[in-house]
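What follows is a single structure, written as structure tokens, with notes after it.
The values are calculated or read from the model by the stated rules, or taken from the named source; none is laboratory data. Predicted, not measured: the structure shown is a model, and the values here were computed from it. Cβ atoms come from the backbone with ideal geometry, glycine included; neighbour counts cover every protein chain shown.
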Amino acid sequence: MSLQTDHGTAAVEALHQEDNSEGTTDGAPTDEYDPWEPPHPPPHPSLADLTCPIQHMRQYMLQLQRFLADARATNIIAPDRTHKETLIKYYGIYDRLSPVLQKDSVPLFLRIFEKYRECFVSGFVIIPQTLDLIILENALRCANLVLEGKSPKLCGVRANPNYMTSFGYFPLHQAAESFSVEMVELLFRYGASANQRTSGNKIIEGLLPLHVAIENTCQHKYLEDNLLVDENYRKGNFGYIYKLIHLLCLPEMKIFLDTTRLLAAHTDNVVDELWKYMEHGKIVPAAILLLAAQRRFRKLNGFDMIKNRIDDSIFSLIREGCGLQIGKNTKAAKQRKEKEVRFYNALFLVRIILKAGEALDAHIQTHSENNMQASHHEVHGKVSAVLKSYDVGPLGKDICIEDLQWFDFFMPCASMVAISCICRRLLNNILILYFICS
């Protein structure tokens, strides 16, 4: 899953927005309260002492500007209100901005901001495309600068951590895709909401940042190579579950689980999100969420809640099966059986994490940059020992490590993310060049 889309097309289709008291454009909310244009406050009492009408008006406009700058940097803003003209200017200096953010240099960023301020600001707030690129480059110092907004050189404007881009996603979605725990923590520190969903025709709608992290984790090569072609899951072979757990406990998976854990801690109704995965038979994303956020599920009594839902679903399927006549409705009977198998797999997964989850999590947390080179055989042995010590290990023959497919070379996840970002930057440059030339 990638959040990157055609920047050129998005810029051309960007909404027009005029900074006036009306504050309405095509695609803007039509509700009585518009977070982009909240009711303007009355003049400050001290302005009543000003006898000069021109000075009074000038001071009130400054007051109104500060009010709008604060409101637009703190409210949830969707859709994007950036002027089309500002977007055109922004993409015109994109190639100059990107290298600065790669270095994460605050002085260089402020220098380019002062020189091209009209490219970065629209409606008294830093445009979401700027913060989006900062997050993509994982420029933590620059992100803190624009989110805090206290530098005099920013002239009172700052970035909004809850401002949707023209592509239909929020800053936290981009940070989740990049698997930068530090960036996610920074966004949370400045009020980012983990409960905002993607929207629009340029992206899959209804995705939480948590979904982005989990779905991208599912696309890790280890999981794809070992699980997508495994038919044991459909047959109800619990070896599939053991294989999945062993893979998730590898050092290379820690950054993905850490990101998922942090997002899950700030996501409302996280038990319901887990149930949606299990209900639709998506055991891999369910395992990722359950293992990463098992501490929170314990606090929410989530294990019991999920177990009860699974039990109810299994009993319902059994009653449904009893009503089928032998030799008839074979297709319906097969579908019912497949659902039943999926729920038994989910129940087995819940049992393992409930009993051994804390020990597995403690093992995962021991991974660091110093021991990322740990042998997969060594990790496999430790995980197997943990499962057996909690009486949830496989009976009979253990999982064969030779059956698991690894990379031919070692590559830490941080490097994988960096390469992914480089590829996306090359694609972005091509799209921007096309947009400017056209």
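Annotations for the structure displayed:
- Boolean, R81 is assigned by TED's automatic domain parsing to the domain that holds G191, not polar (S, T, N, Q) and not in a helix (DSSP H, G or I): yes
- Given (1) within 30 Å of Q65 (Cβ to Cβ); (2) outside the structural domain of P35 (by TED's automatic domain parsing), index of the condition Q174 fails: (2)
- Whichever residue in region 317-331 is part of a helix (DSSP H, G or I) and surrounded by 14 or more Cβ atoms within 10 Å (Cβ to Cβ) and, among such residues, is modelled with the lowest pLDDT: G321
- Candidates F188, F179: the one that is touching a Phe, Trp or Tyr at 6+ places or on another chain (Cβ under 7 Å), closer than 30 Å to C249 by Cβ and touching a residue at least 60 places away in the same chain (Cβ under 8 Å) is F179.
- Scanning region 145-155 for residues that are surrounded by 15 or more Cβ atoms within 10 Å (Cβ to Cβ) and touching a residue at least 40 places away in the same chain (Cβ under 8 Å) turns up L147, G149, S151, L154.
- Top-ranked residue in region 332-371 [being modelled with pLDDT of 90 or more and small (G, A, S); ranked as nearest to K282 (Cα to Cα)]: A346
- The lone criterion from (1) more than 26 Å from V271 (Cα to Cα); (2) in contact with a Ser or Thr (Cβ under 9 Å, 6 or more places away or on another chain); (3) assigned to a helix (DSSP H, G or I) left unmet by A143 is number (2).
- Qualifying residue in region 95-105 (condition: surrounded by 21 or more Cβ atoms within 10 Å (Cβ to Cβ), touching a Lys or Arg at 6+ places or on another chain (Cβ under 6 Å) and farther than 21 Å from S193 by Cα): no
- Sole residue being free of Cβ contacts under 8 Å to residues at least 40 places away in the same chain, assigned to a helix (DSSP H, G or I), within 11 Å of V350 (Cβ to Cβ) and not basic (K, R), chosen from D311, D272: D311
- Taking the criterion of being of a type in the set (A, V, I, L, M, F, W, C) and under 13 Å from the mean Cα position of the chain (by Cα), the residues of region 165-203 that qualify are F170, L172, A175, A176, F179, V181, M183, V184, L187, F188, A192, A194.
- The residue pairs whose first member lies in region 95-113 and is closer than 14 Å to L145 by Cα, whose second member is among the polar types (S, T, N, Q) and crowded, with 17+ Cβ neighbours inside 10 Å, and whose beta carbons are closer than 8 Å, counting only pairs six or more residues apart or on different chains, are D104/N138.
- Residue list for region 165-201, filter: among the β-branched types (V, I, T) and crowded, with 24+ Cβ neighbours inside 10 Å: T165, V184
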